[in-house]
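S.K.: Got a structure for you, questions after.
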Amino acid sequence: MTTQYPEIALYIDGQWGQGSGGRGDDVINPATEEVLGRVPFAEPGDVDRAIAAAKAAFPTWRDAGPDFRSSILLRASALLHQRADEIGQVMTLEEGKPRGEAVGEVHRAATLLQWDAEEGRRAYGRIIPSGPDEILSVRMVPVGPVGAFVPWNFPAGGPMRKIAAALAAGNSIVIKPSEEVPGTISLIARAFEDAGLPAGVLNVLFGVPDEISRKVIADPAIRFVAFTGSVPVGKHIAGLAAAAMKPAIMELGGHAPVIVCADTDPVKAARTAVRAKIANAGQVCTSPSRFLVDRHVYDAFTAAFIDAMAAIKIGNGLDEGVQMGPMVSERRRSGVRKLIEDAVSHGARVALGGEPMPGKGFFYPPTVLTDVPADAALLSEEPFGPVAPITAFDDLDEALEIANSLPYGLAAYAYTDSAATAEKLIAGFEAGILSVNHCGGSVPQAPSGGVKDSGYGREGGHEGLHGYLVTKRVSHRLRP
């Protein structure tokens, strides 16, 4: 199919428009390095208008009730399912991931919206048994206008995690998605508009990140802050929220360990791990990125892993059969190359890949490193790319200690056929997202989030709405 890249605009108070100052930047296709369009930047006055719109829209949206809210959100979800092919095509153009992966992401985002819309109807309080003259209750109410900030790697899923939870809980939102991938969120906002979402409930800004985040977070009208991104930027955003005494959710980076035990099938484990490793060219915060393999199955696992990585078809995500597209930018590609070069300088061996691919586009081949020493930066810094370091271990407790040795605590994975071993690892992993015998990611019906430097708060499941609600304790005495 042929899809034209959409014209990008700010969405403020139900109106589309360019930034009032004329600033902006080009949107680049990472597979071809061609300019797709231009994204306008919001000026301080535009940010003020978006916040004012969210503030004005909040009381009506809050008081409309869950039935009315969910009816609109479910219509938006249905429209996103219907338009998934078009939106997925735009996502591939601007972010690079294969078209099938992109379309699937749109469907998952729509499903998440459906889940949260229904979960908003179940934001129950409770009655607590008390004396005969008192009704003691707990009430859950919307927190208020939300300020949200998301990165580029999931152009549909990232924004939807914030939008769906905020709106389903009864809040309005001002969101700043990434300027690198503005087309996807623009089409998502169109779907909300077409579904009948009242003006001001959803406001979308692009611009200089620090300018917008400082202004949004400091404004008294904003009552909650939601952020996904790197650990350093997350700490900065959390500091701004703390200075304004505002609650926040932080979904930050990770460096997920994968422990492969001797009692598992190493070939099957390798093949499933590769599928997760090459998803979005490794540009996923929960991507498996440190492979710790029992020495008894190390050779079999490594050989199967290399074979599976070598078989991956790389290219423009719009081309038939492509399994992995480019990285999003030259900056990201250079970052991966730097980590690989550092590892090799410390004695690591390149078993596959290793060098950027020649020609147009920000392509990096699937890369496997072995014999990576502990002091290589690759084992302590999030790679965010299609590179897999594989090391052997002799003792499971030692492997678990290595897995937990970093300040990250987002995701962790294990392969074992022993229920006892699995439970030991589940109890021992210092991470908020765990998968056993696969490296699967987030699902709408269950909570996801990190510990340690990987953040706090949860998205998904009934826990996903907690931050967007205020808990009120009410004691009502029937007689003075």
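The values are calculated or read from the model by the stated rules, or taken from the named source; none is laboratory data. Just so we're clear, the structure is a prediction, and the values are computed from it rather than from any experiment. All Cβ positions, even for glycine, are placed from backbone atoms using ideal geometry, and neighbour counts span all protein chains on display. The area values use the complete protein model at the heavy-atom level, side chains included, leaving out ligands, DNA and RNA. Shrake-Rupley method; radii C 1.70, N 1.55, O 1.52, S 1.80 Å.
S.K.: Can you tell me which residues in region 199-221 are over 30 Å from Pro407 (Cα atoms) and touching a helix residue (DSSP H, G or I) at 6+ places or on another chain (Cβ under 6 Å)?
M.R.: Hits for region 199-221 are Gly200, Val201, Leu202, Asn203, Val204, Leu205, Phe206, Asp219, Ala221.
S.K.: Name every residue in region 406-457 that is hydroxyl-bearing (Ser, Thr, Tyr) and modelled with pLDDT under 95, in order of residue number.
M.R.: If the condition is that a residue be hydroxyl-bearing (Ser, Thr, Tyr) and modelled with pLDDT under 95, then Ser442 is the only one that fits.
S.K.: Oh, and also: Starting from residues that are at pLDDT 95 or above and among the hydrophobic types (A, V, I, L, M, F, W, C), keep the ones in region 1-20 and report whichever is surrounded by the fewest Cβ atoms within 10 Å (Cβ to Cβ).
M.R.: Result: Trp16.
S.K.: State all residues of region 77-117 that are acidic (Asp, Glu) and open to solvent by 20 Å² or more (accessible area, probe 1.4 Å); if no residue qualifies, say none.
M.R.: Asp85, Glu86, Glu101 - these are the residues of region 77-117 that are acidic (Asp, Glu) and open to solvent by 20 Å² or more (accessible area, probe 1.4 Å).
S.K.: Limited to region 430-447, what total is found for residues that are touching a residue at least 40 places away in the same chain (Cβ under 8 Å) and over 28 Å from Ser77 (Cα atoms)?
M.R.: 3
S.K.: Return yes when Arg62 is touching an Asp or Glu at 6+ places or on another chain (Cβ under 7 Å) and either open to solvent by 60 Å² or more (accessible area, probe 1.4 Å) or not small (Gly, Ala, Ser) (or both) and no when it is not.
M.R.: no
S.K.: Next up: Report every pair of residues separated by at least 6 positions or lying on different chains whose Cβ atoms are under 6 Å apart, first residue within region 61-72 and under 8 Å from Gly170 (Cα atoms), second open to solvent by 50 Å² or more (accessible area, probe 1.4 Å).
M.R.: Final answer for the pair search is Pro66/Arg121.
S.K.: Turning to a different aspect of this structure: Please specify each residue of region 178-197 satisfying the condition of being hydrophobic (A, V, I, L, M, F, W, C) and open to solvent by 10 Å² or more (accessible area, probe 1.4 Å).
M.R.: Scanning region 178-197 gives Leu187, Leu197.
S.K.: Is one or more of the residues making up region 294-316 surrounded by 17 or more Cβ atoms within 10 Å (Cβ to Cβ), assigned to a strand (DSSP E or B) and touching a Lys or Arg at 6+ places or on another chain (Cβ under 9 Å)?
M.R.: no
S.K.: Out of everything in region 209-224 that is assigned to a helix (DSSP H, G or I) and of a type outside the set (A, V, I, L, M, F, W, C), what residue ends up being surrounded by the fewest Cβ atoms within 10 Å (Cβ to Cβ)?
M.R.: So the residue we want is Asp210.
S.K.: Take Glu33 and tell me if it is open to solvent by 30 Å² or more (accessible area, probe 1.4 Å) and at positive phi.
M.R.: yes
S.K.: OK, next. Restricting the first residue to region 465-477 and requiring it to be open to solvent by 40 Å² or more (accessible area, probe 1.4 Å), which pairs with a second residue that is outside any strand (DSSP E or B) and aliphatic (A, V, I, L, M) meet a Cβ separation below 6 Å and a spacing of at least six or different chains?
M.R.: Short answer, once both residue conditions are applied: Val470/Val143.
S.K.: Can you find even one residue in region 160-183 that is under 21 Å from Val27 (Cα atoms), polar (S, T, N, Q) and in contact (Cβ under 8 Å) with a residue 40 or more places away in the chain?
M.R.: no
S.K.: So, one more: All but one of (1) farther than 30 Å from Asp395 by Cβ; (2) among the small types (Gly, Ala, Ser); (3) part of a helix (DSSP H, G or I); (4) more than 18 Å from the chain's Cα centre (by Cα) hold for Gly234, so report the exception by its number.
M.R.: With (1) farther than 30 Å from Asp395 by Cβ; (2) among the small types (Gly, Ala, Ser); (3) part of a helix (DSSP H, G or I); (4) more than 18 Å from the chain's Cα centre (by Cα) applied to Gly234, the lone miss is (4).
S.K.: Something else: Which condition breaks for Gly200 when tested against (1) buried (at least 24 other Cβ atoms within 10 Å of the Cβ); (2) assigned to a helix (DSSP H, G or I); (3) in contact (Cβ under 8 Å) with a residue 60 or more places away in the chain?
M.R.: With respect to (1) buried (at least 24 other Cβ atoms within 10 Å of the Cβ); (2) assigned to a helix (DSSP H, G or I); (3) in contact (Cβ under 8 Å) with a residue 60 or more places away in the chain, Gly200 is out only on (2).
S.K.: Sticking with this structure for a sec: From the list Ala273, Ala281, exactly one residue is at positive phi, in contact (Cβ under 8 Å) with a residue 12 or more places away in the chain, in a helix (DSSP H, G or I) and crowded, with 22+ Cβ neighbours inside 10 Å. Which is it?
M.R.: Just one listed residue meets the conditions, Ala281.
S.K.: Is it true that Gly120 is open to solvent by less than 20 Å² (accessible area, probe 1.4 Å) and closer than 19 Å to Gly157 by Cα?
M.R.: So Gly120 fits the description; yes.
S.K.: Applying the selection to region 151-177, what residues are more than 15 Å from Ile51 (Cα to Cα), part of a loop (DSSP other than H, G, I, E, B) and open to solvent by less than 10 Å² (accessible area, probe 1.4 Å)?
M.R.: Matches in region 151-177: Pro155, Ala156, Ala169, Gly170, Pro177.
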